[in-house]
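Read-outs: derived from the displayed coordinates by stated rules, not from any lab. It should be emphasised that the depicted structure is a prediction, and the values quoted were computed from it without experimental measurement. We place every Cβ from the backbone using ideal geometry, glycine too, and count neighbours over all the protein chains shown.
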Amino acid sequence: MNEKKSINSLNVMDLGLSDHYAQILSIPISEFSNKPYRIKKRHFSEANVQEFLYLLNQVTWQEVYVEPDISAKFITFMGVFLRCYNNAFPIKTVHMRDTIKNKWITQGIKISSKIMQLLDNQRRQQLWKRRILNI
């Protein structure tokens, strides 16, 4: 928020209530969209890391050694390395959806809410049993 370009307008207003002035700041915010979207990412699990190490151990690196020029050696090395990397950590398309995160809802509030729901369900069951027995 330290960028000046993110401020649409800034006004100082005298409300006439005291010797203090109000500051009115207009800042653009992005619209919340719950539309699904896709991102590409790699998964770095322990199994994938082990696969990568296995692939690197299978390489003889002979094709790197036979190159006469240092630049060619580097290009060949990077080609072999990236082949192992891309095989072990493939790029996957993941479907995402923005969610509203209420940061003010603490763990204590969540636990209390679950307890209240449980108690309410028990109360409703007791009322239902009483109605059935009274009929």
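If you take the Cα atoms of the chain, find Rg, then find the Kirkwood Rh from the mean of 1/r over all pairs, what is Rg/Rh?
Using only Cα positions, Rg/Rh for the chain is 1.31.
Suppose we flag trypsin sites (Lys or Arg not before Pro) only when DSSP calls them loop and at most 16 other Cβ atoms lie within 10 Å. Which is the longest uninterrupted stretch of the chain?
1-100
Find how much the distance from Phe77 to Ser112 grows on full extension, using 0.36 nm per residue of separation minus their present alpha carbon separation; answer in nm with one decimal.
6.9 nm
Using a 10 angstrom Cβ neighbour count of at most 10 plus a DSSP loop assignment to flag exposed GluC sites (Glu not before Pro), which longest range of the chain is free of such sites?
In the chain, the maximal stretch lacking such sites is 32-135.
Is segment 36-96 best put as rounded, prolate or oblate by its Cα gyration tensor, with a ≥ b ≥ c the root eigenvalues, rounded for a/c under 1.5, and otherwise prolate when a/b is larger than b/c, oblate when not?
Oblate is the answer for segment 36-96, as a/c is 1.5 or above yet b/c matches or exceeds a/b.
Taking 8 Å as the Cα distance limit and 6 or more residues as the minimum spacing, I'd like the relative contact order of the chain as a percentage.
That works out to 25 percent.
Using DSSP to call loops (not H, G, I, E or B), can you name the chymotrypsin sites (Phe, Trp or Tyr not before Pro) in segment 51-114 whose Cβ has at most 16 other Cβ atoms within 10 angstrom?
Trp61, Trp104
Give, in nm to one decimal, the length gained when the segment between Asn48 and Ser26 is fully stretched (0.36 nm per residue of separation minus the Cα-Cα distance).
3.2 nm
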